[in-house]
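Here's the structure we're looking at; comments come further down.
What follows draws every value from the coordinates through simple rules; no lab data is involved. Every value quoted in this text rests on a predicted model; they were computed, and no experiment measured them. Heads up, the Cβs are rebuilt from the backbone with ideal geometry, glycines too, and the neighbour counts pull from every protein chain shown.
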Amino acid sequence: MTTATTSIAGTAPINTRGVGVRFEQLSKRYGDFYAVDSLDLNVAPGEFLSILGPSGSGKTTVLMLIAGFVAPTSGRLLLGDQDISQIPPYKRNIGVVFQNYALFPHLDVRRNVGFPLEVRGVPKDEIAKRVNWALERVHMEKFADRRISQLSGGQQQRIALARAIVFEPRALLMDEPLAALDRNLRQDMQYEIRSLQRSLGQTVIYVTHDQEEALNLSDRVAVMNLGRLQQVDTPKNLYLRPANPFVAGFFGEANLLSGKTQGGVFTTDAGIRLPVTETREGPAVLCVRPEMIVFGDERKSDFPSLTGTVLETRYRGSILHIELDTPLGKINAVQHINTTNDAPAEGTTLEFGWDPNLGHVMMGQV
Amino acid sequence: MNEYLLGLQGRRVLFAYAIVLILFIILPALVLVPISISADDSFVIIPEAFSLRWYEQLVGDPRWRNALVLSLQVAAVASVMATIAGVLGAIGISRASPKVAKVLRLIFIAPIIVPLMVIGVGFYMLYARMRLVGSFFPLCLAHAVLVLPFVMLPVSARLYSIDKRLEWAAASLGAGPYRTIFRVQLPLLAPSIFAGFVFAFIFSFDEVVVAQFLSGPRLETLPRRMWEGIQMGGLEKTITAVTTAQLLLAVVAMLIISIWQRRSATKAASSK
């Protein structure tokens with residue numbers, strides 16, 4: 001607490017350095033319902049981590065726990081090396097950006113951004129300097145004397161961002177900050193949030209239900225479902241190496257085959273043997289992404305060789321979607337439309353397969 | 001509901017009904033205005049000569065003047081007490097658990113549901129035992145209880161329309177609970193607090209039933225003076241001056257409230 005207060009009294013420009021956030025077996029229970037169940041997670045200083053999940057996954061509760069708006073039922077929450085689980089929100093020094101901006105309507109832009117500094121008793125001329133610095137960071141210096149009601153949604157979100165960084169918070173939380181903005185503006189803001197975070201070295205925990213946004217912005221993404229953490233990983237690994245069928249299905253489409261694996265061979269429940277790179281053994285689910293599936297001559301010798309009947313084809317923008325009836329069950333495939341070839345007619349029999357290096361085996365999942 | 005569905009005939013009937021209703025609401029209040037400024041002793045609605053003599057009497061006659069001053073004092077003290085208690089109560093209730101809040105809200109609103117006569121008798125029994133009948137502050141206290149709902153209702157309504165996240169935002173920015181109340185909640189509640197204060201003031205200024213029980217022989221509030229004036233000597237024209245002044249006060253207060261609320265509504269609209 002004291003360190004952050006003294007650093008505020010220093011002169012601008014400031015180089016904010018975020019600290020790490022660690023969750024240790026953190027749980028929040030409402031009656032018999034676990035909104036967050038035994039969460040273990042380590043956010044590195046300066047990391048941009050998104051918490052992603054469908055509604056009701058507990059992601060917002062996690063944010064409320066970090067901000068201190070709700071108290072955990074059990075477990076510890078560490079900011080840097082300090083246990084903050086019993087510290088009230090106004091003593092945590094964590095900036096929060098809300099989905100609806102939550103700017104104070106009775107104060108103008110300058111007073112809104114200066115609020116956290118005023119509350120900390122920072123001298124007036126220092127406040128003015130710091131407010132100007134923060135407004136410059138979000139390109140809103142020309143709007144300092146506007147009333148909040150005179151600003152558009154995107155501008156309000158920039159002010160909310162300035163207000164959340166002006167007091168050098170130890171971490172920055174964002175709760176679906178772009179959900180209320182239209183699509184183009186959302187992309188501009190994503191870029192700006194990312195570059196602001198990089199230049200400040202700020203630790204950011206970003207809650208969203210939008211996969212694209214999470215993948216675009218984050219160093220790592222924590223996927224939650226039903227109060228439990230499913231997987232924390234880089235965007236690339238979440239897609240190519242999902243930990244379980246939920247994660248596999250959450251990011252794009254997936255063909256999921258259940259069976260067991262042994263010695264580099266995956267045997268489906270129906271007894272079909274497929275080559276895999278996984279060397280462990282036991283029950284597992286094989287995940288094959290639709291775009292990994294290749295047809296006819298494109299297959300190499302080590303690819304599984306299968307045949308299927310075309311059930312349906314659909315053009316979806318730049319890709320052609322093919323649904324096949326195969327001995328494995330229904331298989332979805334997509335092809336990029338880069339030839340003038342027509343889609344295969346319904347009822348056509350096609351030979352298909354995939355690169356065994358790309359098929360992903362999820363052990364222990366049935 | 002679209003009134004065009006009623007057809008031409010239906011719309012005419014609806015319009016006529018609305019006019020009659022509005023006249024019925026405002027005429028009894030307005031009819032005394034011209035009477036109060038007529039020079040005549042008699043009650044003619046369209047006066048022949050104008051004069052402010054009835055207003056002069058209100059201020060000049062010591063009995064009327066004392067009653068007026070006393071009523072203003074009681075209304076001021078009572079509505080200030082009710083405003084402080086009501087605002088704090090409303091904020092407290094908004095933070096209580098839903099079940100507790102429901103019960104508390106009912107208790108705080110009770111003074112407008114329970115008949116005035118019952119409250120009057122109740123206070124009288126209590127005060128009589130404590131020898132407080134006929135003293136100033138106990139009367140103010142009773143009125144404060146009476147007008148508490150007038151503060152609670154608008155302030156509670158406004159509190160519920162203020163986004164909870166503004167409180168959270170203030171906390172995340174480093175403002176403790178008290179600072180959040182003074183720097184964020186009270187400024188946003190100001191128009192509704194003022195509205196509540198005005199309603200409370202007007203009701204207390206006007207209140208006759210409870211005052212009748214509690215004021216004893218010495219404290220004569222204005223409504224009580226009017227009531228006695230009517231009972232003893234028939235209608236005295238000073239009463240028309242009182243009512244006109246009250247009417248004017250109420251209209252001005254309502255105008256201020258509506259202008260203020262419109263301004264703060266446009267301010268708050270963007271924060272929702």
Item to complete: Excluding B:Gly86 itself, calculate the net charge of residues whose Cβ lies under 13 Å from the Cβ of B:Gly86, where each Lys or Arg counts +1 and each Asp or Glu counts -1.
Response: +2
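Treat the count of other C-beta atoms within 10 Å as a stand-in for reagent exposure and order B:Ile193, B:Ile181 from fewest to most. Present the calculation step by step, with values, prior to reporting the outcome.
On the way: B:Ile193 20, B:Ile181 17.
Ordered by Cβ neighbours within 10 Å, fewest first: B:Ile181, B:Ile193.
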Worksheet item: Can you put A:Met224, B:Met232, B:Met117, A:Met64 in order, fewest other beta carbons within 10 Å first?
Response: B:Met232, B:Met117, A:Met64, A:Met224
Worksheet item: Can you put B:Phe137, A:Phe104 in order, fewest other beta carbons within 10 Å first?
Response: B:Phe137, A:Phe104
Worksheet entry | For B:Ser38, distant residues with modelled amide H under 5 Å away | B:Ser51
Worksheet item: In deg cm²/dmol and to the nearest 500, what is the mean residue ellipticity at 222 nm of the protein assembly as shown if only DSSP H runs of at least 4 residues count, each as -39500 (n - 2.57), divided by the residue total?
Response: -15500 deg cm²/dmol
Worksheet item: If the cut-off is a Cα-Cα distance under 28 Å, which lysines reach B:Lys99, setting aside same-chain residues fewer than 8 apart in sequence?
Response: A:Lys28, A:Lys59, B:Lys164, B:Lys272
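Considering only DSSP beta bridges whose two residues both sit in the protein assembly as shown, what percent are antiparallel, to the nearest 5? Don't skip to the end; give the middle numbers.
Details: 60 of 77 bridges.
About 80 percent, rounded to the nearest 5.
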Discussion item. Cut-off under 21 Å on the C-alpha distance; same-chain residues fewer than 8 positions from A:Lys260 excluded. Which lysines are left, in chain and number order?
Written reply: A:Lys330
Worksheet item: Restricting attention to the alpha-carbon atoms of the stretch A:154-296, what are Rg (one decimal) and Dmax (integer), both in Å?
Response: 19.8, 62
Worksheet item: Per residue Cα convex hull volume for the stretch A:217-293, in cubic angstrom?
Response: 112 Å³
Discussion item. With θ taken as phi - 60° and the coefficients 6.51, -1.76 and 1.60, list the Karplus ³J(HN,Hα) couplings across the stretch B:18-29 in order, rounded to whole Hz; mark glycine and proline as x.
Written reply: 4, 4, 4, 4, 5, 4, 5, 6, 9, 4, x, 6
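Under the definition of partner shielding as Cβ atoms of other protein chains within 10 Å of a residue Cβ, what is the mean value for peptide A:98-111? The partial results should precede the final answer.
Numbers: counts 6, 1, 6, 5, 11, 4, 10, 15, 11, 4, 0, 0, 0, 0.
Mean partner-chain Cβ count within 10 Å for A:98-111: 5.
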Practice prompt. Tabulate in residue order the Karplus-calculated ³J(HN,Hα) for the stretch A:199-214, using 6.51 cos²θ - 1.76 cosθ + 1.60 with θ = phi - 60°, rounded to whole Hz; enter x for Gly and Pro.
Written response: 5, 8, x, 7, 6, 10, 10, 10, 9, 7, 10, 9, 4, 4, 4, 4
Response to the item:
With the 8 Å Cα cutoff and a minimum separation of six or more residues, the stretch A:20-97 has a relative contact order in percent of 34 percent
Worksheet entry | Within a Gaussian network of chain B (alpha carbon springs, distance under 10 Å), most fluctuating of B:Leu166, B:Leu32, B:Leu222 | B:Leu166
Worksheet, complete the sentence: The helix A:153-165 Cα axis meets the longest alpha-carbon principal axis of chain A at an angle in degrees, between 0 and 90 and rounded to 10, of 70 degrees
Worksheet item: Over the stretch B:116-272, what is the mean sequence separation of C-alpha contacts under 8 Å (at least six apart), divided by residue count, expressed as relative contact order in percent?
Response: 33 percent
Discussion item. Using only the alpha-carbon atoms, how far is helix A:124-137 inclined from the longest principal axis of chain A? Give it as 0 to 90 degrees, nearest 10.
Written reply: 20 degrees
Discussion item. To test your reading of the geometry: what angle, between 0 and 90 degrees and rounded to tens, separates the Cα axis of helix B:136-161 from the longest principal axis of chain B?
Written reply: 50 degrees
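In whole percent, what relative contact order does chain A give with Cα contacts below 8 Å and a gap of six or more residues? Display every interim value, and only then the final one.
Details: 765 pairs, mean separation 60.0, N = 366.
It rounds to 16 percent for chain A.
Could you work out the per residue convex hull volume over the alpha carbons of the protein assembly as shown, in cubic angstrom? Before the final figure, lay out each step's value.
Working: hull volume 172.2 nm³, N = 638.
So the per-residue hull volume is 270 Å³.
Let's test the formula: R0 of 56 Å, r as the Cβ-Cβ distance of A:Phe295 and A:Asp81. What FRET efficiency results, to the nearest 0.05?
Numbers: r = 56 Å, r/R0 = 1.00.
Using R0 = 56 Å, I get an efficiency of 0.50.
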Item to complete: May I ask for the net charge around B:Ala75, where only other residues with Cβ less than 10 Å from the Cβ of B:Ala75 are counted and Lys, Arg are +1 while Asp, Glu are -1?
Response: -2
Discussion item. Going by Cα centres, the stretch B:1-44 and the stretch A:37-89 are how many Å apart?
Written reply: 62 Å
